[in-house]
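Structure first, then comments.
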Amino acid sequence: MNPPIETPMAIGLSVSEAQTCILDRIVPLETEEIGLAQALGRALAEEVYANRDLPPYNVSAMDGFAVRAADLFEVPRTLQIIEDIKAGDTPRLTLQPGQCAKIMTGAPLPPGADTVVRVEDTRPLENDKAEFPISVKLGTDIRLRGENMRQSDVVLQAGEEITPAAISVLATVKRAKVKVARKPRVAILSNGDELEALDEPLDLRKIPDSNSHALMAQVQNLGIEPALLGIARDKPDELTSFLKRGLEYDILLISGGTSVGDHDYVRPTLAALNVVMHFWRVEMRPGHPIAFGTLGNAFVFCLPGNPVSSMVCFEQFVSPALRRLMGHRRLFRRTIPVRLAQAAKSRQGRIEFVRATLSRDTSGDYIATPDASQSSGDILSMTRADALLAVPSEHNGLAMGETAQAQLLETAMWQHSPNIEKIL
Ligand code: AMP
Ligand code: MG
């Protein structure tokens, strides 16, 4: 095999160029087999096939009576009940003219029957008879054999996320185990002399290390349990030993120290450890000083120290990378077009990710209100945001009433229901 051709580090890529640079280097990890109880949120690494027709034969869609539609051309009509068929039973008798069978939802239709009449539309009579006051259309309330799935059809695609509904399908086709890509091992490192760990006593001169924990939670959100390596001080030797440990993982996330300050040692120290840096500084705000490198199969993301920048960079670059490693086909957050309730500021030449809350106008369309604070150090603004509005780099801000694409965050997935809350 030829050695990979190393391109020089790119400076000033656009967000989509940087995403391509990352994702081009990533293929899903090796596969493993897991049980259904462990499968939620993973991505299928194989196609899943139907193991039979479903329903396996024509069944009733309702509790009622299996009839011959021709018997009910003229109504009211009284029919003789010849059998009682429950789901899982095998009908024994063939319906003759003037006969019907009591049938439960999911039970197989007896030979001779072509239609189901729901029990609400009948009247019980004595001596195993029932009266049918109204006529029915041929084929009513029957689920046909193979209507939901056909033997050997692909029912789930490789790369599909295993949702609760997919788990239901897997159980239906008797797949107790499925093949998925293994989870990536992720390490998180914070960097900076000024940082104070969560378990250290409060010192107002220091900066609490929130990024380790925010990144941990963002990784956990993808179903991965990361390792927190702690805080590396701004000393090349100390940083080197932390980075060596971190490079044993599939993904190393480092926050802080990636900019051009006198104490920003991360990138040179990585270079000294033979990490190939592919890009630095992406034309975005917040998050400009992000860098990305690789060492063999290990991927290193150098995230900016500002708490909002770190989270926003995770969303744009780390999250798609992790999802691709896990074999997901859908890598990016869902975006929806929204109308701006107020103007959004941005600088031409950089894509701006604007924190915003979402609501609906009277016609039901989504409108976005940019948060009053767009400072990259203001983490509270991130707790209020339902979405990140992407203001494209060719714009110099967006005016009130203009449309932007909103990347939906966790808080956008659930909504208040004032009517219900009144009752509660
Ligand atoms: P840096 O990228 O190291 O220049 O840091 C930029 C800003 O982010 C500085 O104000 C840092 O104190 C802050 N910062 C760096 N790392 C963290 C962290 N782990 N948690 C919270 N803030 C941080
Ligand atoms: Mg620093």
Here the FRET efficiency for Asp365 versus Asn419, based on Cβ atoms and R0 = 22 Å and rounded to 0.05, is 0.60
For Thr335 and Asn148, extending 7 Å from Cα along the Cα-Cβ vector and measuring point to point gives, in nm, a value of 3.8
Using a simple spin-label model with points 7 Å from Cα along the Cα→Cβ vector, what separation in nm is obtained for Thr105 and Arg92? 2.7
Please identify, among Gln407, Gln218, Gln38, the residue showing maximal mean-square fluctuation in a Gaussian network model of the chain using a 10 angstrom Cα cutoff. Gln38
Mean-position separation - Cα centroids, the range 123-187 and the range 58-100, in angstrom: 24
For the range 193-277, with only Lys/Arg (+1) and Asp/Glu (-1) charged at the beta-carbon, what is the dipole magnitude about the Cα centre, in debye rounded to 20? 240
Let me spell out the model: positive unit charges on the Cβ of Lys and Arg, negative unit charges on the Cβ of Asp and Glu, origin at the Cα centre of the chain. What dipole size does that give, in debye rounded to 20? 560
Here FRET efficiency (C-beta to C-beta, Ser373 to Val27, R₀ 35 Å, nearest 0.05) is 0.30
I need the phi-derived Karplus couplings for the range 183-196: 6.51 cos²θ - 1.76 cosθ + 1.60, θ = phi - 60°, integer Hz, Gly and Pro marked x. 6, x, 8, 10, 10, 10, 10, 9, 9, x, 4, 7, 7, 10
Using θ = phi - 60° and Karplus 6.51 cos²θ - 1.76 cosθ + 1.60, couplings along the range 94-108 (whole Hz; Gly, Pro as x): 9, 5, 9, x, x, 10, 9, 10, 5, 9, 9, 3, x, 7, x
Per-selection Kirkwood Rh - the chain (Cα, Å, 1 d.p.): 26.0
Label points 7 Å out from Cα along the Cβ direction at Leu202 and Met400: separation in nm? 4.0
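What pairs in Lys183/Lys235; Lys86/Lys129; Lys179/Lys244; Lys206/Lys235 have C-alpha atoms more than 22 Å from each other?
The pairs that break the limit, which is 22 Å between Cα atoms, are Lys183/Lys235; Lys179/Lys244.
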Dipole-positive endmost among Pro76, Asn51, Ala66 within the range 1-134 (Cβ charges, Cα centre): Pro76
Ranking His263, His278, His288 from most to least accessible area with a 1.4 Å probe gives His263, His288, His278
Say the dipole of the range 94-170 comes from +1 at the beta carbon of Lys and Arg and -1 at that of Asp and Glu; which of Gln151, Thr163, Pro108 then lies farthest toward its positive end? Pro108
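The values are calculated or read from the model by the stated rules, or taken from the named source; none is laboratory data. Keep in mind it's a predicted model, so treat the numbers as computed, not measured. As a convention, Cβ positions derive from the backbone with ideal geometry for all residues, glycine included, and neighbour counts pool all protein chains shown. Note: areas computed on protein heavy atoms with side chains; ligands, DNA, RNA excluded. Shrake-Rupley method; radii C 1.70, N 1.55, O 1.52, S 1.80 Å.
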